[in-house]
Amino acid sequence: MLSPEFKSRVARLKANISSVIHGKDSIVEMSVTALLARGHILFEDVPGVGKTTLASTIAQSLDCSFQRIQFTSDMLPSDILGVTIYDQGRHDFEFRQGPLFANVVLADEINRTTPKTQSALLEAMNTGRVSMDRQVYELPKPFFVIATQNPVEFHGTFPLPKSQMDRFLIRLHIGYPARAHEMQVLREQYVGGSQPEVKPVLTGAEMLEMQDEASRIKVDDDLLEYVVRIAEATRSDSAFELGASTRGSIALRRCAQALAAVRGRDFVTPDDIKEVAVPVLAHRVQVARTFEMSGFSHHEDETAIRRVLDQVAVPL
């Protein structure tokens, strides 16, 4: 059974984020799910729909250290990791930590920096540590990277390779708001266009406890087999050039556990797996060229994953 404290904390976190991000309850829920699953989030959408606002609000909701990195084409790996300098007073070299050494890191417009700097971020996202000058430095826990990118404008950008995309647990699209919610945003717009500040509702220690509790959610063997069959279908379906890896299967199970916990259950259902399959798997696969030319104008990878979900039998 999930503890009452867990359910209360989830409710507070969702309400805090929703107080700024109006009309996007499913996006908020999926973001909280990723945090509980110890995952990094990639927000991919057109400019001006609230990607940075949502990422900042998530960060502000946690009473943890926070850094925002605005990625540019001239940024070097040392700009995010840190540098080693010589301390004349101690006659020794000292490592000065970069902005990546924070509990929550907002990587804004991540596809505008060079592959070299993107690769420097990869190790940190994958292992939770940084290697500099033959030394290994542990990053603080919890550690989340919340990245944003614009998938439409490609001038001056460096598309993330699949190996980098695979490090993000989920990819989300916010989309345009409904008319009523856009009206609400206009009424609440602050002087100078600044976004409203929110107070933290959870500490880092509480988030770590919640992650541990979410990882213990029960998953029956039938559902584990369902996860594997979904992954296998992406490897054999003609719609894909590259199917989901074993890391993708693990991510799908972790996200399904976290979603069940967010919804107050201590067990996973097939619907949990189906709901997280698209945000977890779509950015990890490579769609075949023939499928891209079949009339799907946008997010062909998501359409292909939905087709797999329709074909794979759901366990009873």
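Table for the structure above
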{"item": "For the chain, calculated [θ]222 nm from helices alone, where every DSSP H run of n ≥ 4 adds -39500 (n - 2.57)", "result": "-13500 deg cm²/dmol"}
{"item": "Rounded, prolate or oblate (a/c below 1.5 giving rounded, otherwise prolate when a/b exceeds b/c) for the chain by Cα gyration tensor", "result": "rounded"}
{"item": "Other-chain or far-sequence residues with amide H under 5 Å of Asp63's (modelled H)", "result": "Val201, Leu202, Thr203, Gly204"}
{"item": "For the chain: relative contact order, % (alpha-carbon pairs under 8 angstrom, 6 or more apart)", "result": "22 percent"}
{"item": "Exposure proxy ranking, count of Cβ atoms within 10 Å, fewest first, for Cys255, Cys64", "result": "Cys64, Cys255"}
{"item": "Nearest 10 degrees, 0 to 90: helix 270-281 Cα axis against the chain principal axis", "result": "50 degrees"}
{"item": "For Arg68, distant residues with modelled amide H under 5 Å away", "result": "Leu106"}
{"item": "Dipole axis of the chain (+1 Lys, Arg; -1 Asp, Glu on Cβ), positive-most option in Phe95, Ala251, Ser65", "result": "Ser65"}
{"item": "Whole-Hz ³J(HN,Hα) from phi, Karplus 6.51 cos²θ - 1.76 cosθ + 1.60, for the range 110-121, glycine and proline x", "result": "5, 7, 8, 9, 6, x, 5, 6, 4, 5, 5, 6"}
{"item": "Whole-Hz couplings from phi, Karplus 6.51/-1.76/1.60, listed for the range 204-219; x for Gly and Pro", "result": "x, 5, 5, 5, 4, 5, 5, 4, 4, 5, 5, 6, 9, 4, 6, 10"}
{"item": "Stretchable slack from Arg306 to Asn126, in nm (0.36 nm times residue separation minus alpha-carbon distance)", "result": "62.1 nm"}
{"item": "Given charges at Cβ of Lys, Arg, Asp, Glu: the range 217-316 dipole, positive-most of Val278, Ala239, Val312", "result": "Val278"}
{"item": "Residues Ile85, Ile273, sorted so that the one with the fewest Cβ neighbours within 10 Å comes first", "result": "Ile85, Ile273"}
{"item": "Amide H contacts of Ile170 (H built 1.01 Å from N, under 5 Å, at least 5 apart or other chain)", "result": "His40, Leu42"}
{"item": "Cα-based shape type of the range 217-316, given that a ≥ b ≥ c are square roots of the gyration tensor eigenvalues and the cut on a/c is 1.5", "result": "prolate"}
{"item": "Least to most buried among Tyr176, Tyr86, Tyr137, Tyr226 (fewest other Cβ within 10 Å first)", "result": "Tyr86, Tyr176, Tyr137, Tyr226"}
{"item": "Table column - 3J(HN,Hα) (Hz), the range 76-82, Karplus curve with 6.51, -1.76, 1.60, x for Gly and Pro", "result": "9, x, 5, 5, 10, 7, x"}
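The numbers here are math on the coordinates, done by the rules we state, and not lab data. Values in this document were obtained by computation on a predicted structure and should not be read as measured data. A quick note on method: Cβ atoms are made from the backbone with ideal geometry, for glycine too, and the neighbour counts reach across all protein chains shown.
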